[in-house]
């Protein structure tokens, strides 16, 4: 399957891909999107644009993706099934492709009880696996999910998320296999701090040959402070931050903690480069976009290849 996606071209050419993230602002602030995006220009192959991340109202992913596209960058349009039914999702996908957006990520989304509108209804007309299949059928078969013919099919490069650390661990590879069977072309994983556990997950992935059916981008996050490390370790569901990481952050003075967080992130990337089946990295520097270039430089991921 060939799309116009720069990310697909990078991966198909055998290069280690790099993606990052740009959370849209909580207001009609297009310049804020441009400001975040400029830190990532020439540094990454695609920029994830989150969709009401953590169930908090933000500028729509479609609008922010369009602004990023206008700036000459490659948005990775995130869509959750939490907020829209299948009609609205398909309309947004066609609209995004019509605006030149050719790469997307299908997600279920965080439950509304975690956000700023806990009373809001979760839609979940379809789940993330059904969404993947729906997008693939729109692209490859030229049909809507209801079966009607679709003229002007959106040729999306389709992504999905995977969490190697969620319980029950033994079902994680099976869930990945379902997403790949549904049509996921690439996967971005949850932030990896527990590298040993991630390596065990990848053993299972390779045992089923899934790394040959789909590109896997390993997720990494630089810790800005000891407080951030502790928060991720204790408060963020599905995260696995070993005590050794928290202790290491605690072992340096406060003014050096951001530097130490970057060092840990770079070391993690270097180790993950050795893991068979890792096709690239998703660097989640949440509200810290300016650090991504430094991480990429130190990890030997720059300059980005031309395709």
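The values are calculated or read from the model by the stated rules, or taken from the named source; none is laboratory data. Small disclaimer: the values here were computed from a predicted structure and weren't measured. Here the Cβ positions follow ideal geometry from the backbone for every residue, glycine too, while neighbour counts run over all protein chains shown.
Worth a mention:
- Per the conditions (1) within 28 Å of residue 67 (Cα to Cα); (2) surrounded by 13 or more Cβ atoms within 10 Å (Cβ to Cβ); (3) out of contact with any strand residue (DSSP E or B) (no Cβ under 8 Å at 6 or more places or on another chain); (4) in contact (Cβ under 8 Å) with a residue 24 or more places away in the chain, the sole criterion not satisfied by residue 125 is (1).
- Unmet requirement for residue 2, which otherwise passes all of (1) closer than 30 Å to residue 275 by Cα; (2) at pLDDT 95 or above; (3) touching a helix residue (DSSP H, G or I) at 6+ places or on another chain (Cβ under 9 Å); (4) surrounded by fewer than 19 Cβ atoms within 10 Å (Cβ to Cβ): (2)
- Enumeration of residues in the range 33-58 that are free of Cβ contacts under 8 Å to residues at least 60 places away in the same chain, farther than 15 Å from residue 73 by Cα and surrounded by fewer than 21 Cβ atoms within 10 Å (Cβ to Cβ): 53, 58
- Residue in the range 197-209 that is farthest from residue 231 (Cα to Cα), counting only those that are touching a helix residue (DSSP H, G or I) at 6+ places or on another chain (Cβ under 7 Å) and free of Cβ contacts under 8 Å to residues at least 40 places away in the same chain: 208
- Members of the range 181-196 that are buried (at least 20 other Cβ atoms within 10 Å of the Cβ), within 21 Å of residue 272 (Cβ to Cβ) and touching a helix residue (DSSP H, G or I) at 6+ places or on another chain (Cβ under 6 Å): 184, 192, 193
- Search result, residues across the range 1-40 that are part of a helix (DSSP H, G or I), closer than 23 Å to residue 161 by Cβ and out of contact with any strand residue (DSSP E or B) (no Cβ under 8 Å at 6 or more places or on another chain): 9, 12
- Residue list for the range 14-32, filter: without any contact (Cβ under 8 Å) to a residue 60 or more places away in the chain and surrounded by fewer than 24 Cβ atoms within 10 Å (Cβ to Cβ): 14, 25, 26, 27, 28, 29, 30, 31, 32
- Among residues of the range 140-160, those that are in contact (Cβ under 8 Å) with a residue 12 or more places away in the chain, more than 14 Å from residue 77 (Cβ to Cβ) and not in a loop (DSSP other than H, G, I, E, B), counted: 1
- Per the conditions (1) within 27 Å of residue 114 (Cα to Cα); (2) in contact with a helix residue (DSSP H, G or I) (Cβ under 9 Å, 6 or more places away or on another chain); (3) outside any loop (DSSP other than H, G, I, E, B), the sole criterion not satisfied by residue 231 is (2).
Conditions tested, residue by residue: (1) more than 29 Å from residue 69 (Cβ to Cβ); (2) within 19 Å of the chain's Cα centre (by Cα).
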{"site": "98", "(1), (2)": "no, no"}
{"site": "111", "(1), (2)": "yes, yes"}
{"site": "117", "(1), (2)": "no, no"}
{"site": "150", "(1), (2)": "no, no"}
{"site": "157", "(1), (2)": "no, yes"}
{"site": "162", "(1), (2)": "no, yes"}
{"site": "170", "(1), (2)": "yes, no"}
{"site": "180", "(1), (2)": "no, yes"}
{"site": "189", "(1), (2)": "no, yes"}
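- Count of the range 87-117 residues which are surrounded by fewer than 20 Cβ atoms within 10 Å (Cβ to Cβ) and in contact (Cβ under 8 Å) with a residue 60 or more places away in the chain: 5
- Members of the range 41-54 that are assigned to a loop (DSSP other than H, G, I, E, B) and touching a helix residue (DSSP H, G or I) at 6+ places or on another chain (Cβ under 9 Å): 42, 43, 44, 45, 50, 51, 52
- Residues satisfying the stated conditions in the range 202-228, i.e. assigned to a helix (DSSP H, G or I) and surrounded by 24 or more Cβ atoms within 10 Å (Cβ to Cβ): 205
- Residue count, the range 234-250 (criterion: part of a helix (DSSP H, G or I) and either within 27 Å of residue 115 (Cβ to Cβ) or in contact with a helix residue (DSSP H, G or I) (Cβ under 8 Å, 6 or more places away or on another chain) (or both)): 8
- Residue ID - farthest from residue 108 (Cα to Cα), chosen from residues in the range 60-81 that are out of contact with any helix residue (DSSP H, G or I) (no Cβ under 7 Å at 6 or more places or on another chain) and assigned to a loop (DSSP other than H, G, I, E, B): 72
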